[in-house]
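Where a number appears in this text, it was derived from the coordinates with a stated rule and is not lab data. Not measured: the values here are computed from a predicted model.
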Amino acid sequence: MRGFIVNKFRGTKELLQSGVDQLTELTGRATYGILPHRRGLELDAEDATDFTSWLDVAAPLGADVLTVGVLALPRASNLTDLDPLVDEPGVVLRPIYRPEEMSDCDIVIIPGTRATVSDLHWLRDRHFDQALARRAETGRAILGLCGGYQMLGSVIDDDVESGTGRVQGLELLPVRTVFEPEKVLAQTRRSLDDGTVIHGYVVHHGRVNVEGGESLFADEGCVSGSVAGTLWHGLFENDQWRRQYLRGVAEHSGKRFVPDSAHDFAARRETRIDVLADLVEEHLNTERLLSLISATTAAPIPYVTLGLE
């Protein structure tokens, strides 16, 4: 380890200097800068997320808001799938830990997971299976993404990820999943009937066999009644598709929700990265950091022996 960077610092930087000096004295390592906390920066978090970022909801453009419940799976992954919804004015995201918390949600999303079968057991242990079945019976929207899609099917055969073998799914979609040793990794694109091209990516062991229903879009995914699923990640990043989908959810809920027709998620993400780049340039010792990066060999730094009693 060559040194330290203090991240998300709140307060006056000068007041921290004595602590930084002590850190160098104790470890023999330099501090290369102090990055201030910047509200709303919200960079891609991949398999982790700070649910407090979901609280920054822009005012709705129409009369109503949409409430999106996201099942808080213990091993949830690819939660960046939801970032475009966080940015959409008038969309409220809510982590769901108990079945009764779904009652006032316009749609419930089962996200991706690093352990499909284990998280399916987690759902059953908390009686989400019964609550989701009742929700589907009353025609209320459910969407599964990747592992969440696989859970919604009739059967999961998994001798790879969990080694459990055959497991009964939630039986809300006519699909069957078989896990294979080789992981599928690919960028995806489809042309819709109106000529729109949408992009995404897939990363999964489970191969889904569709045995009924209709496609969610093009030839991908499955829809049966108010329940839908797809293996695609990044689907909501397609602005036009996201708006169309949210309009459908709002219409089904009888709400006057208006998507933001000017909302360009890719541009907003790029803006945030630019903000971070500016913070790095302003607050970090970039010359010293670049010298560390470009060095072909690093001179050893002696360890400091602390005489602590």
Relative contact order %, segment 52-263, counting alpha carbon pairs below 8 Å whose residues are six or more apart: 21 percent
Max mean-square fluctuation residue, GNM over the chain, Cα-Cα springs under 10 Å, options L246, L185, L132: L185
Estimated 222 nm signal from helices in the chain, with DSSP H stretches of n ≥ 4 weighted -39500 (n - 2.57), rounded to 500: -8500 deg cm²/dmol
Three-way shape label, segment 64-123, alpha-carbon gyration tensor, a/c 1.5: oblate
Eligible aspartates and glutamates near K8 by straight Cα distance, threshold 17 Å, same-chain separation 8 or greater: E42, D44, D50, D274, D278, E281, E282
Listed residues A228, A30, A295, most fluctuating in the chain (Gaussian network, C-alpha, under 10 Å): A295
Whether the chain is rounded, prolate or oblate, judged on the alpha carbon gyration tensor where a/c under 1.5 counts as rounded: prolate
Chain lengthening between E14 and L276 when straightened (0.36 nm per residue, less Cα-Cα): 92.2 nm
Cα gyration tensor, segment 22-168 - rounded (a/c under 1.5), prolate or oblate: oblate
